[in-house]
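Participant: This structure is in structure tokens; I'll ask about it shortly.
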Amino acid sequence: MTKISRRRFMNLGVGGALLASGVSRDVATGDEAPKIQGFDDTETDIDESQVWKPISDRKIRVGIAGYGACQFGAAFGFQNHPNVEVVAVTDLFADRCAALAKACRCEKTYESLEKMVEDDSIEAVFLATDAPHHADHAVLALNRGKHVASCVPAFWGGTPEQADKLFETVKSTGLRYGMFETSAYHDDVYAQRKIYAAGGFGEMVYTEGEYLHYAPVSTPSYKNWRVGMPVMWYPTHASAYYTCVTFGSFLEVTCLGKKSINHFRQPENNAYGNCFGTEVGLFRTSENGIARIMVSFDTPGWSGEVGRMRGQLASYAEDSKYCGAVPEAQAIVDKLNLRKPALPPTVDSGGHGGSHGHLMNNFVESILKDENPLVNVAVALNTTMCGVVAHQSALKDGETLKIPQFKL
């Protein structure tokens, strides 16, 4: 593995420093929350023999919305990309808006996203706003002629009709939409994606994806949207271990939930009437395989966003990597470079498994090349919808339910 470089530490900037020092508190008790998992810069395996080459000298004019508890507005590094000029930022809270402007080295601020998207000089918008408004905000920006990148999930589980509206808006406008699913650029998912595309797995027989994030107190959130939320409404870090490897989808699910002992996950103590802190779904995939997805915010100890794959020709797990391959498949994989490509010299890989910089760079280049980003609107919705339907199944004690499909 490539160690975090000195340049990477030196270039963290204001956003990285704030992420490292931020303190979360439980909304009910005021107690200090544990450090948010996944926000630390981590080792990542980049092929340093490669040199990043610009595909254009054009600068895309970007507006950034949102600088809440996670401070994601600056964390993906738009302000450091040579093909980007961050021309405006916004947050509903004046102090956060000022901090975001400072982190992004931007002078122009707006009091709301609704005001910012009226700025005709802005070409693209990055949405680091609250999850319940991701889809509505994306549709708003798209309808104002902006390309859109959004944090996860693509839409909120309580309003599944947002998915169809977002999908149709992206198609009708012809603009670029990308969801910044961080698992998509984990070292293992990047490698698995290349192996799968080259035929090194054959069809996928069985996939596992797990998002284990112990949260005994709730991370602060706009209007407390995180408090007691159904955990499968935030499935993408786990479901990406299938959708962002194969670009397939989930057809149906049976899911079970485990009631939580946590006070804010009692039905009377949250806006969702939710009691589950752990949900596990068994899915049928679009290649007639099987996938297990687990999301748990209730179990202490080992945590992370991980997955494993078992194909017709070989398997892959974090500890054993690619293994057990039939000779023909091994010969294919032996010719592949499974290390992530270089980024612009000014851009750091960042947190969540060194994914931040790669997601941002992929979105920027999708605009310059006029092509879909890696996690396009269909991949984003298939990665999100599976969890929403899984929670419905858990509420019905594991009834098997069909999952809506999205395909470009």
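Participant: Calculate log10 I(q)/I(0) of the range 200-258 for q = 0.12, 0.13, 0.15, 0.26 Å⁻¹, where I(q) comes from the Debye formula with a single equal point scatterer on each Cα and nothing for solvent.
Facilitator: Debye curve over Cα of the range 200-258, log10 I(q)/I(0) at q = 0.12, 0.13, 0.15, 0.26 Å⁻¹: -0.42, -0.48, -0.61, -1.23.
Participant: Give me the net charge of Ser56's neighbourhood, meaning all other residues with Cβ under 12 Å from the Cβ of Ser56; Lys, Arg count +1, Asp, Glu -1.
Facilitator: With Lys, Arg at +1 and Asp, Glu at -1, the net is +1.
Participant: Test of understanding: what is the full-extension gain from His263 to Ser56, defined as 0.36 nm times their sequence separation minus their Cα-Cα distance? Spell out each step's value before the answer.
Facilitator: Working: separation 207, 0.36 × 207 = 74.52 nm, distance 5.29 nm.
Computed gain between His263 and Ser56 is 69.2 nm.
Participant: Where the only charges are on Cβ atoms (+1 Lys, Arg; -1 Asp, Glu), what is the dipole of the range 239-299 about its Cα centre, to the nearest 20 debye?
Facilitator: Working: 5 positive and 5 negative charges, 23 e Å.
In total the dipole reaches around 100 debye.
Participant: Now for a different question. Have a look at the range 263-407 and give its Rg and Dmax from the Cα atoms, expressed in angstrom.
Facilitator: Radius of gyration, then largest Cα-Cα span, for the range 263-407: 19.3, 57 Å.
Participant: Just the number please: accessible area per residue for the range 104-231, 1.4 Å probe, all protein chains included, in Å². Before the final figure, lay out each step's value.
Facilitator: On the way: 4430 Å² over 128 residues.
Per-residue accessible area for the range 104-231 comes out at 35 Å².
Participant: With the cut-off at 1.5 for a/c, could you classify the range 42-101 from its C-alpha gyration tensor as rounded, prolate or oblate? Present the calculation step by step, with values, prior to reporting the outcome.
Facilitator: Details: a/c = 4.60, a/b = 1.59, b/c = 2.89.
Since a/c reaches 1.5 but b/c is at least a/b, the shape of the range 42-101 is classed as oblate.
Participant: Compute log10 of I(q)/I(0) for the range 40-160 with the Debye formula, placing one identical point scatterer on every Cα and leaving out solvent, at q = 0.16, 0.17 Å⁻¹, to two decimals.
Facilitator: -0.78, -0.86
Participant: Report the local net charge at Tyr241: Lys and Arg +1, Asp and Glu -1, summed over other residues whose C-beta lies under 14 Å from its C-beta. Let's see the in-between values first.
Facilitator: Values: positive: Arg193, Arg292, Arg308, Arg310; negative: Glu181, Asp187, Asp188, Glu208, Glu210, Glu305, Glu318.
The answer is -3.
Participant: Ranked highest first by average number of other Cβ atoms within 10 Å, how do 174-180, 367-373, 391-397 line up? Show your work: numbers first, answer last.
Facilitator: Details: 174-180: 23.9, 367-373: 15.3, 391-397: 18.9.
Highest-to-lowest ranking by the protection proxy: 174-180, 391-397, 367-373.
Participant: Compare the peptides 360-366, 73-79 by average per-residue count of other Cβ atoms within 10 angstrom and give them in order, highest first.
Facilitator: Working: 360-366: 23.1, 73-79: 27.6.
Taking the mean over residues of other Cβ atoms within 10 Å, the ranking is 73-79, 360-366.
Participant: Give me the percent of the accessible area of the chain that comes from carbon and sulfur atoms, probe 1.4 Å, all protein chains in place.
Facilitator: Using a 1.4 Å probe with all protein chains present, the chain comes out at 52 percent carbon and sulfur.
Participant: If you don't mind, another one. Could you tell me what fraction of 2.2 N^0.38 Å the Cα radius of gyration of the range 315-401 comes to, as a two-decimal ratio?
Facilitator: Numbers: Rg = 18.5 Å, N = 87, 2.2 N^0.38 = 12.0 Å.
Rounded to two decimals, the normalised Rg is 1.54.
Participant: Along the three principal axes, how long is the chain when you take its alpha carbons, biggest first, rounded to the nearest angstrom?
Facilitator: That works out to 55, 55, 43 Å along the principal axes.
Participant: Quick one, what does Rg over Rh come out to for the range 102-165 if you take C-alpha atoms and the Kirkwood Rh?
Facilitator: 0.99
Participant: Extent of the range 126-261 along each principal axis, from alpha carbon coordinates, in Å, largest to smallest?
Facilitator: Extents along the principal axes: 46, 43, 28 Å.
Participant: Right, here's the next one. Write down the radius of gyration of the range 223-323 and its Dmax, each obtained from C-alpha positions, in Å.
Facilitator: 15.5, 49
Participant: By how many nm would the segment from Lys369 to Lys223 grow when fully extended, if each residue of separation counts as 0.36 nm and the alpha-carbon distance is taken off? Each step should come with its number before you reach the end.
Facilitator: Values: separation 146, 0.36 × 146 = 52.56 nm, distance 3.83 nm.
The span from Lys369 to Lys223 would gain 48.7 nm if fully extended.
The values are calculated or read from the model by the stated rules, or taken from the named source; none is laboratory data. Since we're looking at a predicted model, the values are computed, not measured. All Cβ positions, even for glycine, are placed from backbone atoms using ideal geometry, and neighbour counts span all protein chains on display. Only protein heavy atoms, including side chains, enter the accessible area calculation; ligands, DNA and RNA are left aside. Shrake-Rupley method; radii C 1.70, N 1.55, O 1.52, S 1.80 Å.
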